[in-house]
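The values are calculated or read from the model by the stated rules, or taken from the named source; none is laboratory data. Fair warning: this is a prediction, and the values are worked out from it, not measured in the lab. Glycine gets a Cβ as well: all are built from the backbone with ideal geometry, and neighbour counts include every protein chain shown. With ligands, DNA and RNA removed, areas are computed over all heavy atoms of the protein, side chains included. Shrake-Rupley method; radii C 1.70, N 1.55, O 1.52, S 1.80 Å.
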Amino acid sequence: KEKLETALAVQERKGKITIWNDQEILAGQEWNAEIESHLEKADVIVLLLSADFFASDYIWDHELPIVKKCHEEETAIVIPVLLSNCDWSDSGYSHMQAVPIYPETLHLLPVARWEDSNEAWNIVVQEIKKVLPSSV
């Protein structure tokens, strides 16, 4: 997550995006309501796919249903980013184009398998930029 935020820093500084994650929830706030609210307001939702992501009951039971609804209602673009090898074929998101695509083979290659992870993150950023709303 931190690597993606760093890679997106220029876009955030230019005001083209606002990055939010659940670590920004303040003491006393209702974290479930905050997460749901931010997911429902998002134009772009980035899923950082790993075995740990899919093993999380909270993500599976609470976040992914909202993400699915946003995708189906076309209120948000969902971008799966494959961080490491994991079985996501039955996740409900395997029909979506994930990133990063390795340029030499044009195949999806998990970030963890890139010789230079900065190159992988740059490709992810370029793909996110392509789907940003034109009003930003």
ask   = Of all residues in segment 1-15 being open to solvent by less than 80 Å² (accessible area, probe 1.4 Å) and in contact (Cβ under 8 Å) with a residue 40 or more places away in the chain, which is nearest to residue 53 (Cα to Cα)?
value = 1
inquiry  = I'd like to check something: does segment 83-94 contain any residue that is within 16 Å of the chain's Cα centre (by Cα), over 19 Å from residue 3 (Cα atoms) and polar (S, T, N, Q)?
reply    = yes
task = Filter segment 23-57 for residues that are in a helix (DSSP H, G or I), farther than 25 Å from residue 87 by Cα, of a type outside the set (S, T, N, Q) and open to solvent by 70 Å² or more (accessible area, probe 1.4 Å) and give the result.
result = 24, 31, 40, 41
query = Can you tell me which residues in segment 82-96 are in contact with a strand residue (DSSP E or B) (Cβ under 8 Å, 6 or more places away or on another chain) and over 10 Å from residue 49 (Cβ atoms)?
reply = 96
key: Pick from segment 63-82, criterion part of a helix (DSSP H, G or I) and acidic (Asp, Glu), ranking: nearest to the chain's Cα centre (by Cα)   = 63
message = Checking the structure you have, find out if any residue of segment 108-116 is assigned to a helix (DSSP H, G or I) and surrounded by fewer than 17 Cβ atoms within 10 Å (Cβ to Cβ).
response = yes
query = Residue check, residue 60 against (1) surrounded by fewer than 17 Cβ atoms within 10 Å (Cβ to Cβ); (2) in contact with a Leu (Cβ under 7 Å, 6 or more places away or on another chain); (3) part of a helix (DSSP H, G or I), all met but one. Which one?
reply = (2)
ask   = If you go through segment 117-136, how many residues are of a type in the set (Gly, Ala, Ser) and in a loop (DSSP other than H, G, I, E, B)?
value = 2
query = What number of residues in segment 91-107 are open to solvent by 60 Å² or more (accessible area, probe 1.4 Å) and farther than 15 Å from residue 45 by Cα?
reply = 7
note = For segment 108-136, pairs from a residue that is of a type in the set (A, V, I, L, M, F, W, C) to a residue that is open to solvent by 60 Å² or more (accessible area, probe 1.4 Å), with Cβ under 7 Å and 6 or more apart or across chains, are 109/102; 121/3; 131/77; 132/16; 136/16
task = Could you tell me whether any residue of segment 54-69 is touching a helix residue (DSSP H, G or I) at 6+ places or on another chain (Cβ under 8 Å) and closer than 20 Å to residue 120 by Cα?
result = no
remark   = Among 77, 128, the single one that is open to solvent by 20 Å² or more (accessible area, probe 1.4 Å) and of a type outside the set (Lys, Arg) is 77
